[in-house]
Each structure stands twice: as structure tokens, then as C-alpha cells.
1. Round to a whole number: what % of the accessible area of segment 11-95 belongs to carbon and sulfur, probe 1.4 Å?
2. When the Cα atoms of segment 15-69 are enclosed in a convex hull and the volume is divided per residue, what value in Å³ results?
3. What distance in nm lies between label points placed 7 Å from Cα along the C-beta direction at residue 70 and residue 49?
4. Could you state the accessible area per residue of the chain in Å², with a 1.4 Å probe and every protein chain left in place?
5. For residue 32, which sequence-distant residues (separation of 5 or more, or a different chain) have an amide H within less than 5 Å of its own amide H, given hydrogens modelled in the peptide plane?
6. Please state the Cα pair-distance histogram of the chain with 10 angstrom bins from zero: what percent is in each bin?
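The values are calculated or read from the model by the stated rules, or taken from the named source; none is laboratory data. Everything quoted here is computed from the prediction, not taken from an experiment. When we count neighbours, we look across all protein chains shown, and the Cβ atoms used for this are built from the backbone with ideal geometry, even at glycine. Heads up: the accessible areas ignore ligands, DNA and RNA and are worked out on the full protein's heavy atoms, side chains in. Shrake-Rupley method; radii C 1.70, N 1.55, O 1.52, S 1.80 Å.
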Amino acid sequence: MAGKRPAAKVTYYRLEEVAKHNSKKDAWLVIHGRVYNITGFLGEHPGGEKVLMEQVGRDATQGFEAAGHSADAREMLAQFCLGELQPGERGAPQP
């Protein structure tokens, strides 16, 4: 096993937990099964804070894709990633 890295530990979240983080001071959302804390990015978003606030606390995948984000925007997400949704909750109805 020389040269192989151990698998990184993934933190899993439930949609119920993400839903609690729905304010300007604490803004989380889900995109493609990953959970992001975008609180510090709200004021920097090129489309404005309002469009993000409409999505916080929930799965924002559909809105993210509909906006046609660039490859740079997709790469930028990594810095805000907290973990992933519980596997059984991906595609589940919103709380």
C-alpha cells in the first residue's frame, strides 16, 4: 500500500440540519449532494446576496445549474464545502 493515501473522513449532514442554517449570519446550502457554508460569500456573489438567500437552508442544485455557472465558479465551491448529505437524503423532499 505504499504511496496510497488514506481515505479522507467525510462529515455527513441531514437536510434537517442544513435547514437550520438559513440566515445572513449563518447560510448553508446543498449542491449536488455536498453541503456548503456560504456565509462569508454572500456579499461577494456576482449575482447579489438576494439570489443566494433564496436558496439557503435547502438543496440549491437546481437553481445553481439553471444559472449556468462557469467552471471557475464550480471550482470555487470547494473552499466552502463542509461535507456531504447523508446518502439516503440525496434527492429527498425538502424539510
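1. Working: 2540 of 5140 Å².
Roughly 49 percent, rounded to a whole number.
2. Values: hull volume 3.8 nm³, N = 55.
Hull volume normalised by residue count: 69 Å³.
3. The answer from the label model is 2.4 nm.
4. Working: 6440 Å² over 95 residues.
On a per-residue basis, 68 Å².
5. Residues meeting the amide H criterion: 61.
6. Whole-percent P(r) values from 0 Å outward: 16, 49, 26, 7, 2.
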